[in-house]
Amino acid sequence: MVVLTNPTLEQIPLVRSPKHGAYFGGIPAIDLSAPGAAEAVVKACEDFGFFKVVDHGVPMELMRRLEAEAVKFFAMPQADKEKSGPANPFGYGSKRIGPNGDIGWVEYLLFAVTSDPLSHTSMAFLEEPSASSLRSALSDYLRALKKLAVQVLELMAEGLKIEARDAFSKLVMDEQSDGIFRLNHYPKFPLLERLNCSLTGFGEHTDPQIISILRSNNSTGLQIALKDGSWVSVPSDQASFYINVGDSLQVLTNGRFRSVKHRVLANGIKSRVSMIYFLGAAAAEKIAPLAEVMGEGEQSKYKEFTWGEYKKAAYTTRLSDNRLGQFEK
Ligand code: GA4
């Protein structure tokens with residue numbers, strides 16, 4: 001691995017570029033209202049821990065509005081952006097990810113999302129009059145995505161033949177449920193093309209929550225790891241959403257669903273803007289395999305823990321650490 005040295009900061013790992021055009025065609029694209037959607041969702045979660053939702057009914061205008069607000073924010077002078085930082089854990093961050101030394105070619109805004117997406121208690125700057133258009137775009141977007149999350153989680157329960165359709169969705173509907181929203185900007189870096197390298201935008205990791213819903217502009221960079229450990233590039237699709245299975249859902253299904261390892265490589269040619277809604281349970285919620293997913297005599301593969309305990313442990317780890325490892329039996 002080559003490292004690019006930046007005298008003012010640490011070092012960001014460079015990765016050899018995947019062959020141009022090597023996009024993975026095997027990611028399931030699911031229309032949630034089509035017949036067989038529940039089974040297709042379950043299969044995608046088992047095989048990849050990742051799938052695309054098409055024909056989702058979320059107006060494109062909501063996505064475009066929020067994207068435009070993100071672009072506007074990231075175009076501000078650095079000193080102005082930094083007034084909303086550092087991200088510990090919420091706010092504006094640049095290059096540094098999390099509290100334990102991870103870095104990447106990315107700048108971002110992180111928000112806490114409470115059960116009422118309108119109240120973003122985490123960031124003072126959202127209360128300022130200048131942020132009112134961002135605040136309203138964010139609220140509308142989050143409200144629509146929460147509905148989508150519930151729909152996806154209900155299909156998962158149906159596909160797993162769990163009688164209570166809300167077995168998963170009630171966790172994110174809870175008043176105390178713990179969500180996070182992230183706007184990421186991966187700036188262009190034209191030199192990379194000539195070097196035939198990619199820069200690590202966001203290093204490999206799994207998401208700790210139940211599911212994450214990702215939408216990006218028409219720029220590539222996201223990769224997921226398949227079961228055999230190989231990395232494949234996810235084609236960009238600004239009209240669709242990608243759903244990630246997170247660690248919590250892997251545990252809730254006793255390992256049947258796969259918490260997908262993913263990363264973002266900055267390719268340098270086009271800047272990438274992504275928006276991700278991470279849906280977590282309430283802090284006091286026990287994260288343990290649902291009785292209905294267990295076969296006869298099947299034991300839980302995990303020690304008992306609450307979401308609050310898991311989240312606290314997650315913040316002591318590095319991005320690429322196997323966070324679930326310490327909770328495996
Ligand atoms: C990964 C998923 C989400 O982006 C996130 C990340 C969080 C952060 O960026 O602050 C973490 C990372 C994520 C996992 C381990 C810890 C926490 C950085 C880090 C090293 C917002 C989240 O919930 O967990």
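Of the residues LEU249, LEU265, the single one that is within 14 Å of the ligand (Cβ to nearest atom), hydrophobic (A, V, I, L, M, F, W, C) and open to solvent by less than 30 Å² (accessible area, probe 1.4 Å) is LEU249.
Condition check ((1) without any contact (Cβ under 8 Å) to a residue 24 or more places away in the chain; (2) among the β-branched types (Val, Ile, Thr); (3) part of a loop (DSSP other than H, G, I, E, B)) across all residues:
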site	(1), (2), (3)
LEU183	no, no, no
PHE189	no, no, yes
LEU199	no, no, no
GLY203	no, no, no
LEU214	no, no, no
VAL232	no, yes, no
ARG263	no, no, no
ILE269	no, yes, yes
ILE276	no, yes, no
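Scanning region 114-170 for residues that are β-branched (Val, Ile, Thr) and modelled with pLDDT of 90 or more turns up VAL150, VAL152, ILE162. Of the residues making up region 278-299, those that are surrounded by 14 or more Cβ atoms within 10 Å (Cβ to Cβ) and either assigned to a loop (DSSP other than H, G, I, E, B) or of a type in the set (Asp, Glu) (or both) are ALA283, GLU285, ALA288, PRO289, LEU290, MET294.
As a summary of the residue check, ALA313 satisfies the conditions (1) hydrophobic (A, V, I, L, M, F, W, C); (2) surrounded by fewer than 21 Cβ atoms within 10 Å (Cβ to Cβ); (3) in a loop (DSSP other than H, G, I, E, B) except for the one numbered (3).
Inspect all residues belonging to region 68-82 and state whether any of them is in contact with a strand residue (DSSP E or B) (Cβ under 6 Å, 6 or more places away or on another chain) and among the β-branched types (Val, Ile, Thr). For region 68-82, residues in contact with a strand residue (DSSP E or B) (Cβ under 6 Å, 6 or more places away or on another chain) and among the β-branched types (Val, Ile, Thr): absent. Among strands (runs of 3 or more DSSP E) entirely within region 41-153, having at least 3 residues that are farther than 30 Å from ASP31 by Cα singles out 91-97, 102-113. Please find, within region 23-40, the residue that is nearest to THR220 (Cα to Cα) out of those that are in a strand (DSSP E or B) and open to solvent by 30 Å² or more (accessible area, probe 1.4 Å). Per the stated criteria, the residue is TYR23. Can we say ASP178 is among the acidic types (Asp, Glu) and within 15 Å of the ligand (Cβ to nearest atom)? Considered against the rule, which asks whether it is among the acidic types (Asp, Glu) and within 15 Å of the ligand (Cβ to nearest atom), ASP178 comes out as yes. Hey, among the residues in region 183-202 that are modelled with pLDDT under 95 and within 16 Å of the ligand (Cβ to nearest atom), which one's farthest from ALA281 (Cα to Cα)? So, considering only residues that are modelled with pLDDT under 95 and within 16 Å of the ligand (Cβ to nearest atom), the one farthest from ALA281 (Cα to Cα) is THR200.
Per the listing GLY297, GLY280, GLY308, GLY325, the residue uniquely free of Cβ contacts under 8 Å to residues at least 24 places away in the same chain, of a type outside the set (A, V, I, L, M, F, W, C) and within 16 Å of the ligand (Cβ to nearest atom) is GLY325. Reported count of residues in region 160-170, each being open to solvent by less than 10 Å² (accessible area, probe 1.4 Å) and assigned to a helix (DSSP H, G or I), is 1. Residue check: is LYS72 at positive phi and among the basic types (Lys, Arg)? Answer is no for this residue. Considering PRO77, PRO28, the condition of being under 29 Å from LEU191 (Cβ atoms) and either among the aromatic types (Phe, Trp, Tyr) or away from the ligand (no atom under 16 Å from the Cβ) (or both) is satisfied by PRO77 alone. Every listed requirement among (1) free of Cβ contacts under 8 Å to residues at least 60 places away in the same chain; (2) in a loop (DSSP other than H, G, I, E, B); (3) within 16 Å of the ligand (Cβ to nearest atom) is met by ASN254 save one, (3).
The values are calculated or read from the model by the stated rules, or taken from the named source; none is laboratory data. Since this is a predicted model, take the numbers as computed values, not measurements. Heads up, the Cβs are rebuilt from the backbone with ideal geometry, glycines too, and the neighbour counts pull from every protein chain shown. All accessible areas refer to the heavy atoms of the entire protein, side chains included, with ligands and DNA or RNA removed. Shrake-Rupley method; radii C 1.70, N 1.55, O 1.52, S 1.80 Å.
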